[in-house]
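The values are calculated or read from the model by the stated rules, or taken from the named source; none is laboratory data. Worth saying up front: this structure is predicted, and the values here are computed from it rather than measured. All Cβ positions, even for glycine, are placed from backbone atoms using ideal geometry, and neighbour counts span all protein chains on display.
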Amino acid sequence: MSAAVLGAVEAGGAKFVCAIGSGPQDLVRATIPTTTPAETLGRVVEFFQHEITARPLTALGVASFGPVDLDPHSPKFGFITSTPKPRWSNVDICGVLRRALASGAGPRPAGGLDVPIGFDTDVNAAALAEARWGAARDLKASGLDNILYITVGTGIGGGVLVDGSPLHGLIHPEMGHILIPQNREEDPFPGVCPFHGDCLEGLASGLAMELRWGVKAGHLEPDHPAWRLEARYLAMGLASLVCVLSPRRIVMGGGVMHNLGLFPMIRENLRECLNGYVQAPDILESIDSYLVPPLLGDDAGVLGALVLAERALAEGVIP
């Protein structure tokens, strides 16, 4: 029996990563800059139309920046909704792909692409990938695959797995928009979030760092005071998430976290914020293996989309 042919799309604010294959070992990929919805999705469609002429898709997974509508009963399921990214609000990303790829998917109903489509946030997908192949893969064997994945880049987002499945609710977790204390005398920066100003994303995202210090985070010297402030803000946010979600492991990725020197500072600040309240050995004794960088690096999103395709195939989800 031949392996399933899975399609994966990581829809990011800066780039889309498209892939097709049976698993991580044989993926054919393409990277597309994120411009307008019409141009970007048009190029995504071109990639798959070319690839599926020889091997029709079995399932498709889409991991998208958000906010997104994940309610399968909603008329806007598969949409990017109230994103601050210009021109991308209320874009029907799954619908566009389903309709455009219908001609290459083999036998189908009149409605479009007759394959299951998995859809979730990019951070939930990254959590799935790190649990499957990456920094939290050891937890699955123990049956304790409750993990938190945080990305710190242009914005801040978070995904969480509870017993191996992404957490959904009224919408989906929006961890970048939790409110954290700010000492305005020490840091008078007003924040960059267009909705909340000084939420976690507004104070600690890559964009916030750039506008506060006048240079992109990757160009700051390792001993610049920006990093100590960044570590404290991120630890404040994590302390709240540890208390609310109680994850077995925290994986932190994204462009800002490429500075691995942040990790020991965040761990130190996280312990200080928790102040001994969470009496867990993972935090008290082995925090170095509790709060970790991703093993999959920048591949976590697209590999997570691959897991979404697998899960959709198993569940037969055809929106």
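Overview of values
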| item | result |
| --- | --- |
| Residue among A19, A3 that alone is surrounded by fewer than 19 Cβ atoms within 10 Å (Cβ to Cβ), out of contact with any Asp or Glu (no Cβ under 7 Å at 6 or more places or on another chain) and closer than 27 Å to P166 by Cα | A3 |
| L170 in contact with a His (Cβ under 8 Å, 6 or more places away or on another chain), at negative phi and not polar (S, T, N, Q) | no |
| Qualifying positions in the range 118-169 - assigned to a loop (DSSP other than H, G, I, E, B), free of Cβ contacts under 8 Å to residues at least 40 places away in the same chain and crowded, with 20+ Cβ neighbours inside 10 Å | none |
| Within the range 186-195, considering residues that are modelled with pLDDT under 95 and surrounded by fewer than 16 Cβ atoms within 10 Å (Cβ to Cβ), the one nearest to H73 (Cα to Cα) | F195 |
| Pair list, Cβ under 7 Å, 6 or more apart: the range 242-265 residue assigned to a helix (DSSP H, G or I), other residue charged (D, E, K, R) | L262/E230; M265/R228 |
| Hey, L284 modelled with pLDDT of 95 or more and either surrounded by fewer than 22 Cβ atoms within 10 Å (Cβ to Cβ) or not assigned by TED's automatic domain parsing to the domain that holds R99 (or both) or not | no |
| Condition check for L211: surrounded by fewer than 15 Cβ atoms within 10 Å (Cβ to Cβ), free of Cβ contacts under 8 Å to residues at least 40 places away in the same chain and assigned to a helix (DSSP H, G or I) | yes |
| Total residues in the range 224-278, condition of a type in the set (V, I, T) and more than 19 Å from D122 (Cβ to Cβ) | 4 |
| Scope the range 219-235; condition without any contact (Cβ under 8 Å) to a residue 40 or more places away in the chain, among the aliphatic types (A, V, I, L, M) and closer than 14 Å to P181 by Cα; matching residues | A231, A235 |
| The range 65-87, subset buried (at least 21 other Cβ atoms within 10 Å of the Cβ) and under 19 Å from P33 (Cα atoms), residue modelled with the lowest pLDDT | G66 |
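Conditions (1) of a type in the set (D, E); (2) modelled with pLDDT of 90 or more, marked per residue:
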| residue | (1), (2) |
| --- | --- |
| R99 | no, no |
| V123 | no, yes |
| W133 | no, yes |
| S142 | no, no |
| D145 | yes, no |
| V162 | no, yes |
| R184 | no, yes |
| E201 | yes, yes |
| A208 | no, yes |
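Yes/no per residue for (1) outside the structural domain of L303 (by TED's automatic domain parsing); (2) among the polar types (S, T, N, Q); (3) crowded, with 20+ Cβ neighbours inside 10 Å; (4) within 18 Å of R98 (Cβ to Cβ):
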| residue | (1), (2), (3), (4) |
| --- | --- |
| K15 | no, no, no, no |
| V28 | no, no, no, no |
| T31 | no, yes, no, no |
| T34 | no, yes, no, no |
| E39 | no, no, no, no |
| A63 | no, no, yes, yes |
